[in-house]
Every structure is written in C-alpha cells, then in structure tokens.
Amino acid sequence: MRSAWAPLGMGALLAAIVAPLALGARAAPAPPEPTEAIRREPRAILFSPDGDTAYVTEAASGTVAVVAATQRQVVARLETGGEEPTGLALSPDGRTLAVTNTFSGSVAVFDTAARQRVRLVPLRGMPWGIAIAPDGRTAYVAVSQLDRVVRLDLATGAVTASVAVGRRPRAVALAPGGETLVVGNFASGEVSLIEVATLRERARVPMGGVNLRGLALTRDGSEAFVTLQPPLNGRPTSYPLDVWNNFVRACSVSDGTVLRQEQQWLDFLAVGCADLDGIVLNGAGRWAWIAVGGRDSVARISIHDPLRVPPNGPVWPNHFAEARVGANPRGIALRPGEREVWVACALADEIAIVDAERMQPLATLRLGAHRSDPALAGRRLFHSAALTSGGRFSCNSCHPEGGSDGLTWRFVHVEDAIERRNTRDLRGGIAETAPFRWSGHDARLDDFLRDEITGLLRGPAPDAEQLAALRAALATFRLPPNPHRQEDGSLTPAARRGEALFVGKAQCATCHAGPRRGGNGRQAWIGTTPAGVLLDVPHLTGVYDSPPYLH
C-alpha cells in the first residue's frame, strides 16, 4: 500500500508538500528525529531581548518550547494549562511571559527565570494575540470570538476594561512608548488603532481584504504592515487565478492613512503566494520577511523602496527572494542581530532557520516526531496551494482553520440554480451532515471534495488515498467552546428562553430537527432562491461561531 506521504496520482504536488527544498539553495542538513511521538504544531516565535532564548508556542501539545538560540536546542518546555497556545508576549525586562490558550480560553503567565507558570487567567472567547505594556504589568489581548480587545492586569488576573474592534481580531502590537495599540482584525480585514490611555478605538482602517493574519510595526511605530487576501468573490469562479490575491499593505499609525506606495502584490509572475501569514520587519525599515503558509516558504521583499513609488512604480515587489521551508509556515521572528529569520512550520513540527540576507536555509529544529498520519497528510493538502492550478489560494483560504471566510461566492462549477452562496463552516463533524452544499448537490463527502478540487481549484483529481486523508483531516476540525454559555457549558437563562421559543412558538425545530438542529437531508424553499429551487436545511452546530448567516 502506498504511503500517504509519497507522491500518489499527483506526483509533483505531494513532493512539493511533503519534501520542499530551498529555491536556488542547498537544503540545510536534516537533524536527527526526536524520539518522542508527540505532535507539537508550532504557531508563534518570540525572542528574549538579548536574542539568546526563543519561546515557541506549540498548539498541539499545549506547551511553550524554550530554545537556546545559539545552540538551536530545546532546553525546556512550559505547560500552558490550556489548549492550543497561540500568541505570546514578553515584558520589556524579559522576566514575564504571557501566553494565550486560544481554544480553551485562558492566559498563562510565566516567570521566565524560574520557568514556572505563576498564574492561569480564564478568558473565554478564543484569546489570540497579546501584547504587554511598558509597565510590565498590563496586557492587551485580542478576544477573537467576541470581537473585542481586553486590558488585563497580569498581577491579579482581572479584566479592567475592554473595547469593541473589527470582526475576529487576532494580531496585536503596541507602538513604542505604549500609547497606541494596533490590532489586526482577521475576518473584516481592518486595522484598529486604539488609544491606550482611554482604551478607545480612534480609527478602524479598511485594508482591502480578509484573512488578515500578519501584523508588524516599523521600529518607530509610525507604520503598520499587514498580510491579507483580497477576495474576488463578486465575479464568477470561472478561473482560479481570479478567486484570491495575496498582498502586503501598510497604513499610518498616527492617522490611519493607507500607504499606497507600500501595497505589494506577491502573486506576481504566476508564482502564487497563498495564505500569507506572519510578517517581520528589520530595524532600518528596508526589508520585510513573510511566512507564506500555502506555499511552504518564507519570502523577503523590499519596503520603503523608491523604485516603487506611485504612479509609476509597480504593484508587485521590486525585490523578491524566497526560501522553501517545512509545511505550513505561520509565525516568524527576526533574531536580534538580524542575521537569522526563524519560521514556525506548523504542520512539519519544526522551526526553519534561514539566513536573513542570503535567504538560504541554515538549520532545521525539529520539535516533534515525524510520523505517517492520514489526518496530518490531509491537513497538509488542505493548507497547500499546490492543489490549485494558480497557486494563489488553498482550502484554508476559504475555510480558515476549517471555519468560514464569511464571504458569499458565485460558484460556476456546481450545477444547481443557486447564484450566490455563503461559505459553510467545516468544523464539528461535517462528514455526518450529508448531503453537502446549500443545494444538497453532492450526496457523498468524497463527491464534494472531488468537485471542489477539480472544479473550483482546477487541480488534478484526487485519488482514493488523498480523499481518505482529507476526510481524516476534516474530522480533526473542532468547534471552539461557545462563549455565550455559562462557564460550565450550560445554557444561560436567556438561552433557555431562546430554546423554548426555538422548539415552541417559532417552530424552528420543524425544519432544524435532530441532534444537530438540521443537516439531516431535509430540503425546503424559503423564498430566497428561484421558485422550486430547494435548499438543504443546514445544521446549526457551531452557529454561534460562523457569521454571517443565511445562504
């Protein structure tokens, strides 16, 4: 039987996903495999002020790896006390480390000298990015599900204030001096500029896209650079190159002006740079390094480049260099001294270390065991733009972390009469909700997967082993806890009244029946499609985390 890791019917595809090599450079020597059979899934990297220590969040194992940077060795692991640690921040003196447990909803606070957790603060609603104020006692946390940023007293664990921002805030950064907090809103593609003294949002800047993953400030804090994906969902999905683009954009932190001269389209010359993630800038403001999650690479582009000044400058980078790294790079950090770029390759369980100037691999630090696993192979396929003919997007572009991009698309590859459809959430056991699509067009999950790959992505047809890997991957996409319930998961009094209305007077349960409140094959016409065009009654599992609503 062929391995899920080997080239199957898509030869070059899996070769690109599983064993990428540096472009134009020799690959770094492979270190020995770890003996422990534990998945790590690194998400973010942060260096101590002196650059001697790196802290790496490991989402799969609920830990933070403490790495001796010069020796490139893991010297300790800190248990975060929660699930899926993602964001991390250090106090200015490096003595306090704060980590967000995104899935379970808490913030872990560590004494870095003792390497001990001193506090675990409950914070429901998927806390994501975190920044610590210059006083070392105050933290600002993006609470993604609730579309808010909270101010947290690290000594007491008390939330002292909060402010509404855009949809699904993730990345946060404090400008030098701590007077302005910059927030990247993932789903709405906006940058929120928050006045720290009053915790007031003084501007919300549309950056022209969604999936805003990366955020970095210039050293003086005057400009914010972000990575995001402008969707082209207003036109039919006839040609994959016209579905998504991938950009780096910037705005002024003082007044929110979008800096058109810093707009850079990375999909130039048909390279395809899908799912841009973390971004880091050098101190001189000359270069930016970006983790390209769907291409398994790290890219370097020039910024503040006089050759790109509009109206004559190009929209694509004037300078572009790239090094291939492990599967699904996300977090990225420039080690103090600016000679090394460290990249967290989430689905390779490793840190790639790249020469910042020559863009050649220096070393690979493996964090977890490399094992043949159908679900992991499927997740790599899901996150890889190699499935698409143009390389500009992946399954993860429309379904970030298995969820929904919140957009409405005009599909042309599905033979039904629905002109526009909202992206469905794939988390929480989608395989058990046949038939699939808003029209119920595909009776089997394999039919749905095959039609998406060959129709929307315009990739080669997957074989049976690849379909099995994708099914296994979908089964790993968990729904996060509902932050609107009580802490023990029970319904609030208001929710109980809503449940009574749902099954009683409103008669919602007539259509949305069963344990998933729908998703059982029933179809209905609700007046939003042409007469006679029925819709599959959707399940409502996880509806609290998948706006906007209706098809």
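The values are calculated or read from the model by the stated rules, or taken from the named source; none is laboratory data. This one's a predicted model, so the numbers in the text were calculated from it and none came from an experiment. Here the Cβ is made from the backbone with ideal geometry for all residues, glycine too, and neighbour counts use every protein chain on show.
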Residue selected from the stretch 278-327 under the condition at positive phi and touching a Gly at 6+ places or on another chain (Cβ under 7 Å), by the criterion surrounded by the most Cβ atoms within 10 Å (Cβ to Cβ): Asp296
Gly234 on the phi > 0 side of the Ramachandran plot, assigned to a loop (DSSP other than H, G, I, E, B), out of contact with any helix residue (DSSP H, G or I) (no Cβ under 6 Å at 6 or more places or on another chain) and outside the structural domain of Gly184 (by TED's automatic domain parsing): no
All strands (runs of 3 or more DSSP E) inside the stretch 45-100 with 1 or more residues being within 16 Å of Ile130 (Cα to Cα): 53-58, 63-68, 85-90
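With respect to Gly294, determine if the residue is in contact with a Phe, Trp or Tyr (Cβ under 8 Å, 6 or more places away or on another chain) and assigned to a loop (DSSP other than H, G, I, E, B).
Values: in contact with a Phe, Trp or Tyr (Cβ under 8 Å, 6 or more places away or on another chain): yes; assigned to a loop (DSSP other than H, G, I, E, B): yes.
When the stated conditions are applied, Gly294 passes them.
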Arg424 among the basic types (Lys, Arg), at pLDDT 85 or above and surrounded by 15 or more Cβ atoms within 10 Å (Cβ to Cβ): yes
Filtered residue count, the stretch 157-195, keeping only those that are closer than 22 Å to Ser106 by Cβ and either modelled with pLDDT under 95 or among the small types (Gly, Ala, Ser) (or both): 8
Any hit, the stretch 71-91, residues being touching a Gly at 6+ places or on another chain (Cβ under 6 Å) and either more than 16 Å from Pro42 (Cβ to Cβ) or not assigned by TED's automatic domain parsing to the domain that holds Gly157 (or both): yes
Some residue of the stretch 173-183 being in contact with a Cys (Cβ under 6 Å, 6 or more places away or on another chain) and within 25 Å of Asp545 (Cα to Cα): no
Residue within the stretch 369-385 that is touching a Pro at 6+ places or on another chain (Cβ under 6 Å) and either part of a loop (DSSP other than H, G, I, E, B) or among the small types (Gly, Ala, Ser) (or both) present: yes
Among the residues listed as Ile301, Ile332, the single one being in a strand (DSSP E or B), of a type outside the set (Phe, Trp, Tyr) and free of Cβ contacts under 8 Å to residues at least 60 places away in the same chain: Ile301
